[in-house]
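Let me begin by handing over the structure; questions about it come next.
Values in this text are rule-based calculations from the coordinates and carry no lab data. The structure presented is a predicted model; accordingly, all values stated were derived computationally and were not measured. No Cβ is skipped: glycine too gets one built from the backbone with ideal geometry, and neighbour counts run over all protein chains shown.
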């Protein structure tokens, strides 16, 4: 329910500046994902918003109200931690009720809220158990439930899926997406290093790098119009192909980028070489073609693989899907 | 191969027996002696020959021995309560609050425990006189807390450091103050450490002799070790071995029972604490 504004926010630990001036507005009810490589400051930024860390300079506003020095519990936030951080000695019910008990909410109200949240997350049969008696996925739900019952203005997720196995991760991702739809007026901020999670969950993504905001936009914007070489390389799987040297010079840039699905195998293309490796995923397949660039070019084609390893192929990028970057990694338009 | 295995098994248990006998024999001999009377006392008996409660009757019927036991119970318990309260709050700060000079402070706390009792006795005596608590239980409680705290603080600080930071942060987001975090979140997780350190503090206070001897003057304020040490016989030449042994057994048994009870709790607590988040 809160609009969050960051105005030139910085954070330093002693002489080391880890957040180097970030301006960002997160709209009411938006699902914003912070993504970036490890050490880029995304978790720190989340902790600054939560109030667990204080910002060094700059301003933070929730609905226009300055919250720089407000303690976490007064900001109306709820947080889901990477390790769940459930209280090991409390039953699930008490874990979820703990915050409200400190608020001196009435017992009847606590029971109502906990039971509603438990029903929503399908953990109502687990309320009498201790965290150690639950599986990883169930603990994660309890952690989310503990956040829901606080009825927060802002929901913060710190890499909540990284302790789950692959299958459970996809399932829980879907649940978080459903949660966002059902609580559409709650602002959610989600930190991950996994760009697939970012692309699938986000209304908007903020790509961070080395304490700075690299680009913020919808998943489609970042995918189609990356504002820098870094964003182009970070968003999308497999990674965008980057070519330098003579390949780039031919297009009048320093680095030429082209996504794997925008390259076709043609009879007489500009680039040709040997197929080093084939990855067949069933629905589509990837060819790794050695054309003399720094790294083999990845070509994505639909259907089953029909070209064998060792074959010579000729490939051509689609001219309207070329990304050109200058020496500073900025796009050439 | 099997012969060698058998031999090493026998050697292992032989060593176990030697260690057990070595550590238990003095107490066993005290028990045997405590049931002996008269001239039996001065014969070396490894098995109880006569069996008599006379020594126990002498001790418990004595003027102030029961009073001494209650003094000891009160002093040891109060020491444990004070020491744990101070140590838990101090170790929270030392483990979780960043402040200048934290490492130095920890080293100083450790340094305090290096001084032998006799070295601080005179100074402590002055302090006790100054506070006007000479010949009261509080003199002992004060000095025992001083000597227990370094160890207690260090152990609890190490434990507290190992508790996941995220649990504390979750509590902060839930609106918990440091006091609530300590009492509602950390204390239940620290049970095994509290039981261990509390028990050791209790044993230390229960067995202490030098301070108890120095800071008491009347028979009614004595603790058990002093009372035993000052047990006297009918004449100055007679050392009443029988009653001394009986008294020793009486004061040791509660400790053994305490350790046995809490040992189970310690083991149970340690396994239950193995939950991550």
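Ranking B:57, B:168 by Cβ neighbours within 10 Å, fewest first, what do you get?
In increasing order of surrounding Cβ atoms, one gets B:57, B:168.
Let me ask another. Mean separation of Cα pairs under 8 Å and 6+ residues apart, divided by the residue count of segment A:4-233: what relative contact order is that in percent?
Averaging sequence separation for qualifying contacts and normalising by length gives 29 percent for segment A:4-233.
Relative contact order for segment B:1-72: what is it in percent, counting Cα pairs under 8 Å that are at least 6 residues apart?
21
Along each of its three principal axes, how wide is the spread of alpha-carbon positions in segment B:48-117, in whole angstrom units, largest first?
Sorted from largest, the Cα extents of segment B:48-117 read 65, 22, 21 Å.
Counting only helical runs of four or more DSSP H residues, what would the 222 nm mean residue ellipticity of the protein assembly as shown come to if each run contributes -39,500 (n - 2.57) and the total is spread over all its residues?
Rounded to the nearest 500, the figure is -15000 deg cm²/dmol.
Given Cα pairs under 8 Å that are at least 6 residues apart, what percent is the relative contact order of chain B?
Relative contact order, chain B: 31 percent.
Using the count of nearby Cβ atoms within 10 Å as a rough guide to exposure, how do B:191, B:206 rank from fewest to most?
B:191, B:206
Tell me, what does the Kirkwood hydrodynamic radius of chain B come to in angstroms if you use every pair of distinct C-alpha atoms?
22.1
Here's a follow-up. Got a sec? How would A:165, B:174 order by Cβ neighbour count within 10 Å, fewest to most?
A:165, B:174
Mind giving me the FRET efficiency for residue A:168 and residue A:38? R0 is 22 Å, r the Cβ-Cβ distance, nearest 0.05 is fine.
After rounding to 0.05, the efficiency reads 0.50.
Based on the Cβ-Cβ distance of residue A:249 and residue A:181, what FRET efficiency does E = 1/(1 + (r/R0)^6) give at R0 = 60 Å, to the nearest 0.05?
The calculated FRET efficiency here is 0.80.
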